[in-house]
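The structure appears below as structure tokens.
The values are calculated or read from the model by the stated rules, or taken from the named source; none is laboratory data. Given the structure is predicted, the values throughout are model-derived calculations rather than measurements. With ideal geometry, Cβ positions are generated from the backbone for all residues, glycine too; neighbour counts draw on all protein chains shown. Just the protein is used for accessible areas: all its heavy atoms, side chains included, with ligands, DNA and RNA removed. Shrake-Rupley method; radii C 1.70, N 1.55, O 1.52, S 1.80 Å.
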Amino acid sequence: ENQPWEFAMLQAWKKTNNSKTIGYAHSCISYWDLRKFFDDDTFLNKEFPTPDLYALNGKFAKDIFMKNKNQSSKIFLVEATRYQYLKKVKNNKKSNLKKRDNNGLINFLVICDYNFYYTKKQLEMLNSVNSFFLRDYSVTLKPHPAGIKSFYKYNHNNFQITNKPISEIIDEVDIVFLSSTTAAALEFYYLGKNIICLLDQETLNLSPLRGIKNVRFVSDEDQFAELIKNPKIFFTNTSDVKEGFFEFDEHYSRWLSLIHKNS
């Protein structure tokens, strides 16, 4: 993520150790996440602390990261350690947007953000359509571990709450509502889930799914209400995931090869 402590660690490592370093983006690369991108001239500074190699978890991340063109020779694809479970789930995936629960309701999951600023907006949108929303949907809220205290201070009545990991609940989701800073959007997109993404009008679109045609971005309550009033019209489960989106291999052959060649 190019956090300050990572810069310090890289610089210290290179001064005291001759072995190579690998920077691994285990999650996602977002277009507007400027921590990942630098001007070409920056890399001409030999004192600028960067990894010797970059490990990316699939073609989707690589295509975005390649905007650092002069670093292309350092990029290697490796297995997506965070997302290996998705291959199994996808092979067993049920058809989407079918009313599955015992009450005939559409399963609607809200992934809350670590920044309560966005979570508050998500909850406000939910509450704004409460009168007709519950007729068709079973709503479950998943608070972010970093925002638990703020979450429980806000009104979330009438909604179920889960603290289960995404891997345990993702297969039962019909529609997911998340913020533009949530990396978990990739997991739902890969499985062809219908996605509503909160796009705040005062901040950049940091969603890893920026520019994806089948993702529904909403900025206000009216746009949100228009979508959920007509789910069968707006949501069609048409994810366009290309081969190699994530790299999968339970034996981690790419990782082993990369480490062996550079150790």
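Tabulated data
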| item | result |
| --- | --- |
| Hz values of 3J(HN,Hα) by residue in the stretch 196-205 - Karplus curve (6.51, -1.76, 1.60), Gly and Pro given as x | 10, 10, 6, 10, 5, 6, 9, 9, 5, 7 |
| Stokes-Einstein D in µm²/s, Kirkwood radius over Cα pairs - the stretch 2-59 at 10 °C with 1.306 mPa s viscosity | 126 |
| Size of charge dipole - the chain - debye, nearest 20, with Cβ of Lys, Arg +1 and Asp, Glu -1, no other charges | 580 |
| Sulfur and carbon atoms: percent of accessible area, the chain [1.4 Å] | 50 |
| Net charge contributed by nearby residues that have their C-beta within less than 15 Å of residue 26 (K/R +1, D/E -1) | -1 |
| Relative packing of peptides 172-179, 13-20, 118-125, 83-90 - highest average C-beta neighbours within 10 Å first | 172-179, 118-125, 83-90, 13-20 |
| Separation of the residue 89 and residue 217 label points, Cα + 7 Å toward Cβ, nm | 2.4 |
| Of 176, 188, 206, farthest towards positive along the dipole that unit charges on Lys, Arg, Asp, Glu beta carbons give the stretch 152-216 | 206 |
| Within the stretch 172-215: backbone nitrogen closer than 13 Å to the residue 67 label point (7 Å, Cα to C-beta) | 204-211 |
| GNM top mover of 60, 43, 108 - the chain, alpha-carbon springs below 10 Å | 43 |
| Whole-angstrom Cα spans of the chain along principal axes, big to small | 63, 38, 31 |
| Listed residues 32, 58, 44: farthest to the positive end of the dipole of the stretch 19-59 (Cβ charges) | 58 |
| Potential extension, residue 24-residue 153 segment - 0.36 nm per residue separation minus Cα distance | 42.8 nm |
| Straight-distance crosslink candidates among lysines, where the alpha carbon sits under 26 Å from residue 153 and sequence neighbours closer than 8 are dropped | 120, 121, 142, 164 |
| Helix-only [θ]222 nm of the chain, DSSP H runs n ≥ 4, -39500 (n - 2.57) each, per residue, nearest 500 | -8500 deg cm²/dmol |
| Listed residues 161, 170, 195, most fluctuating in the chain (Gaussian network, C-alpha, under 10 Å) | 161 |
| Approximate spin-label separation residue 34-residue 114, in nm, with each point projected 7 Å along Cα-to-Cβ | 2.0 |
| Rg to Rh, two decimals, where the stretch 161-245 supplies the alpha carbon set and Rh follows Kirkwood | 0.95 |
| The stretch 1-99: Cα Rg divided by the 2.2 N^0.38 Å rule of thumb | 1.33 |
| FRET efficiency estimate (nearest 0.05) - Cβ-Cβ, residue 169 to residue 59, R0 30 angstrom | 0.65 |
| Full-extension gain in nm, residue 12 to residue 253, via 0.36 nm per residue minus C-alpha separation | 83.8 nm |
| Amide H partners (placed H, <5 Å) of residue 21, local residues excluded | 52, 53 |
